[in-house]
Amino acid sequence: MSTSSKRVVVVEGVRIPFCLSSTTYDDLLAVDLARMSLKGLITKTGLDPSMVDYLLYGNVVMEPRTSNIAREAAMHAGIPKDVPAHTVTMACVSSNAAISQGAEKILAGTADVVIAGGCETFSDAPIRYSRPLRKRLMGASKAMKKGPAGLLKLAKGLKLKDFSPEAPQIANYTTGEVMGHSSDRLAAKFGISRVAQDEYALRSHENARRAHAEGYYKDELVPVDATENGIRVSTPDQLAKLKPAFIKPHGTHTAANSSFLTDGAASVLLMSEAKALELGFKPKAVIRDFLFSAVDPFEELLLGPTYAISKILRKNNLQLLEIDVVEMHEAFAGQVLSNFAALGSDAFAKANLSRDAKVGDIDVSKVNPLGGSLSLGHPFGATGARLVTTASNRLNRDNKQFALVAACADGGIGHATLLENYAS
């Protein structure tokens, strides 16, 4: 959090186009996507890479060969080898955590120039063998020395199903539930209808289509040979025909009102205010504050944003109506609308937020008017950096004062960042 004596500023942010997995970036590793984003940020800002003090990058589904993907991507992007870097993993708020940790380094005085962001690919997600087969393979070299008898003994006890590969699952380890199942139950708890979810999803796609058509994202996208390809403008009737994806046959979450598997990367340049001005940069926003919350993953897995928003507003003596710009992660339409309902509920506030009355009613017109994760896509490790970039640009373009970035994450984690227009 910025103090009166030292402020952390957002100088610039970029992303490569977010694309459906197994399409545009099908042959690339996550480290390649990160490199493209980092090089795009350096090129756009004209920053001398030797000025970077530290780099942090978020990633969730990790490739073993690049376990510290921040370090590998930094070196391949031309950042000097003496610049340290580390990788952050915090589910869907990994790049939010990277940005927050970068801000903390600046506030602590251990860095003045930090690059933070994240990347993800599902086109080349690591696939493992089953545990029984892995154990046999680990002992294969020793068994081979004993000839055919050793190999036969090694294979003893294996079942046909043990030879099936294990692809990464988007499920919570503790609860065993996939996020869509949990979000579907959450929406039912708050009475969020299928119609309302489909309407919100349509809004996200239409907003994203219009934003691209009107050039709002031209300044954020790294000029690479790719186009964001997840935007689908449909009709209510078409969406109504889709079957439930998680809770069958009566669930309300479908493929259309849920975010899709996405490949992408995004990067943000942070500096101390003094360093930014010294280097001749005009900051876009001040990071006023940030925090993380944690909730019960069995009952409120994706409700973390409500708790984080409540805390950050109270901490900064602000009301929800004073926030001009809201960028919220859209994992599912039902998740977003459930958080809106919780924020606008007196009963929920009294029972769960230690408040006498509701946090406030969301003005939906302020939320993701350029589209969100439902339409632009959601590369797990990169979404937070996209949200901060877009929020900072909206503050500047629309001449607004405060922006709120909020996101949920697996494990019952919630995040909120408060930004203020640097020109305010």
- Could we say that GLY157 is of a type outside the set (Val, Ile, Thr), modelled with pLDDT of 95 or more and more than 22 Å from HIS378 (Cα to Cα) here? no
- Kindly indicate whether any position in segment 249-271 is at pLDDT below 95 and either of a type in the set (Phe, Trp, Tyr) or more than 16 Å from HIS378 (Cα to Cα) (or both). yes
- Residue in segment 109-140 that is surrounded by the most Cβ atoms within 10 Å (Cβ to Cβ), counting only those that are within 27 Å of ALA265 (Cα to Cα), of a type in the set (Gly, Ala, Ser) and at pLDDT 95 or above: GLY118
- Residue among LEU387, LEU374, LEU353 that alone is surrounded by fewer than 24 Cβ atoms within 10 Å (Cβ to Cβ) and either over 26 Å from GLU63 (Cβ atoms) or in contact (Cβ under 8 Å) with a residue 40 or more places away in the chain (or both): LEU353
- Message: Out of the residues in segment 357-414 meeting the condition of being over 30 Å from LYS282 (Cβ atoms), in a loop (DSSP other than H, G, I, E, B) and not charged (D, E, K, R), tell me which one is nearest to the chain's Cα centre (by Cα).
- Response: PHE380
- Message: Residue under question is GLY58, and the condition is that it be in contact with a helix residue (DSSP H, G or I) (Cβ under 6 Å, 6 or more places away or on another chain), in contact (Cβ under 8 Å) with a residue 60 or more places away in the chain, crowded, with 21+ Cβ neighbours inside 10 Å and of a type in the set (Gly, Ala, Ser); does it hold?
- Response: yes
- Query: So which residues in segment 287-301 are in a loop (DSSP other than H, G, I, E, B) and either in contact with a Phe, Trp or Tyr (Cβ under 8 Å, 6 or more places away or on another chain) or within 21 Å of ARG7 (Cβ to Cβ) (or both)?
  - Reply: VAL295
- Filter pass, ALA70 being at positive phi, aliphatic (A, V, I, L, M) and surrounded by 18 or more Cβ atoms within 10 Å (Cβ to Cβ): no
- So which of ASP225, ASP219 ends up being surrounded by fewer than 15 Cβ atoms within 10 Å (Cβ to Cβ), within 21 Å of the chain's Cα centre (by Cα), of a type outside the set (A, V, I, L, M, F, W, C) and not in a helix (DSSP H, G or I)? ASP219
- Members of segment 174-224 that are acidic (Asp, Glu), modelled with pLDDT of 95 or more and farther than 16 Å from PHE340 by Cα: GLU206, GLU214, GLU220
- Kindly indicate whether THR87 is in contact (Cβ under 8 Å) with a residue 60 or more places away in the chain and either under 15 Å from the mean Cα position of the chain (by Cα) or closer than 28 Å to LEU418 by Cα (or both). no
- Message: So in segment 275-324, with the set limited to residues that are more than 21 Å from the chain's Cα centre (by Cα) and acidic (Asp, Glu), which one is farthest from THR174 (Cα to Cα)?
- Response: GLU278
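Quick grid of which residues meet (1) surrounded by fewer than 24 Cβ atoms within 10 Å (Cβ to Cβ); (2) within 30 Å of GLY280 (Cβ to Cβ); (3) among the small types (Gly, Ala, Ser):
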| position | (1), (2), (3) |
| --- | --- |
| SER21 | yes, no, yes |
| ASP27 | yes, no, no |
| ILE42 | yes, yes, no |
| LEU47 | yes, yes, no |
- Note on the structure: In segment 159-188, anything in a helix (DSSP H, G or I) and either free of Cβ contacts under 8 Å to residues at least 12 places away in the same chain or surrounded by fewer than 15 Cβ atoms within 10 Å (Cβ to Cβ) (or both) is listed as LEU160, LYS161, PHE163
- When you go through ALA240, ALA276 one by one, which is the residue that is out of contact with any Ser or Thr (no Cβ under 7 Å at 6 or more places or on another chain), exposed (fewer than 14 other Cβ atoms within 10 Å of the Cβ) and in contact (Cβ under 8 Å) with a residue 12 or more places away in the chain? ALA240
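The values are calculated or read from the model by the stated rules, or taken from the named source; none is laboratory data. Computed from a predicted structure; not experimentally measured. Heads up, the Cβs are rebuilt from the backbone with ideal geometry, glycines too, and the neighbour counts pull from every protein chain shown.
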